[in-house]
Structures are given as structure tokens and as C-alpha cells.
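Heads up, the thing below is written out as C-alpha cells.
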Amino acid sequence: MTPDIEASMEQACERLARARADLTRLIEGWRPGPSELKDAVLLEDWIPAEDTETGTMILVGDATGHPILGDRFISTSMLIWMSPDCSIARTVSRWYRLGKRAVVAVRTDRSRPIARH
């Protein structure tokens, strides 16, 4: 195994351990405060989605302040917790502060064609 792969695996194990510790505390009633959320990525115009490769729930939206992906449209890692008011989310990788949720328009009038050629 190369040193890069070993380092990547070690980072993944550390991320999972942090996520597990947070999830355990959340189950026990703890909620994150300002200190835990000060560096959290802001996700605007977000919606929940299914990762079709893993079958897990993720979030997609416009990120601000992501330490790796920067400021752009992203899909998160697996969602493991969301606050009841949908203002905070925890994924396997990190905390997110959730801004406004995206509005998704669904066409219900199927009598008209969507596009004409």
C-alpha cells in the first residue's frame, strides 16, 4: 500500500470516528452550539437527495466555505443527522449550517408536451 493510500485511509477512519462520537452525543440529547458550528459550511438552496451509488441520503446545494470544495454547488457525504428545524446537518464528513431550502417545481399537468421538436 502506498503512503498516500495509507494516509487517506487514516483520514477516513478519523472522520468516521468523529462522526460516530457526534452521533452518539446527539442520540443522548446533546446539540451543537456556536463553537461546534463556527467553521461549519453554509449550504443554501439545498435539497435532500439519494446517492444512487450507495443508496444513502445526502444533501445537495450551494456551499459557502467548504474547506475542500470551496464555494460552489456540491453534494455532501452521507447525511447522519438533521435538526428538527432543518437548520443544522451532520454528515459523515462535517457539520453544515443550512440556509434556505431549494424550491423544486414539479409539473403536474401531463396533458401538454414538455418540449416540441
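The values are calculated or read from the model by the stated rules, or taken from the named source; none is laboratory data. Just so it is clear, the model here is predicted, and its values are computed rather than measured. Ideal geometry is used to build each Cβ from the backbone, glycine not excepted, and the neighbour counts take in all protein chains shown.
Test of understanding: among ILE58, ILE47, which residue is at pLDDT 95 or above and within 17 Å of VAL92 (Cβ to Cβ)? Reasoning before the result, please.
On the way: ILE47 fails: within 17 Å of VAL92 (Cβ to Cβ).
Unique residue meeting the criteria: ILE58.
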Considering only residues of the stretch 3-54 that are of a type in the set (Gly, Ala, Ser) and in contact (Cβ under 8 Å) with a residue 40 or more places away in the chain, which is nearest to VAL104 (Cα to Cα)? ALA40
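Residue-by-condition table, conditions (1) out of contact with any Gly (no Cβ under 9 Å at 6 or more places or on another chain); (2) surrounded by 12 or more Cβ atoms within 10 Å (Cβ to Cβ):
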position	(1), (2)
ARG15	yes, yes
THR24	yes, no
GLU28	yes, no
ALA40	no, yes
GLY55	yes, no
ALA63	no, yes
THR76	no, yes
TRP81	yes, yes
ALA89	yes, yes
The one condition ILE68 fails out of (1) at pLDDT 95 or above; (2) under 14 Å from the mean Cα position of the chain (by Cα); (3) not aromatic (Phe, Trp, Tyr) is (1)
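In this structure, does ILE114 turn out to be at pLDDT below 95 and within 17 Å of the chain's Cα centre (by Cα)? Even if it seems obvious, please write down each step before you answer.
On the way: at pLDDT below 95: yes; within 17 Å of the chain's Cα centre (by Cα): no.
No: the conditions fail for ILE114.
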Picking from SER35, SER77, which residue would you name as being at negative phi and assigned to a helix (DSSP H, G or I)? SER35
What about LEU42, is it in a strand (DSSP E or B) and within 15 Å of ARG94 (Cβ to Cβ)? yes
For the stretch 45-58, which positions are closer than 12 Å to GLY99 by Cα and under 11 Å from the mean Cα position of the chain (by Cα)? TRP46, ILE47
Can you tell me which residue within the stretch 61-109, out of those that are without any contact (Cβ under 8 Å) to a residue 24 or more places away in the chain and among the charged types (D, E, K, R), is nearest to ARG25 (Cα to Cα)? ASP85
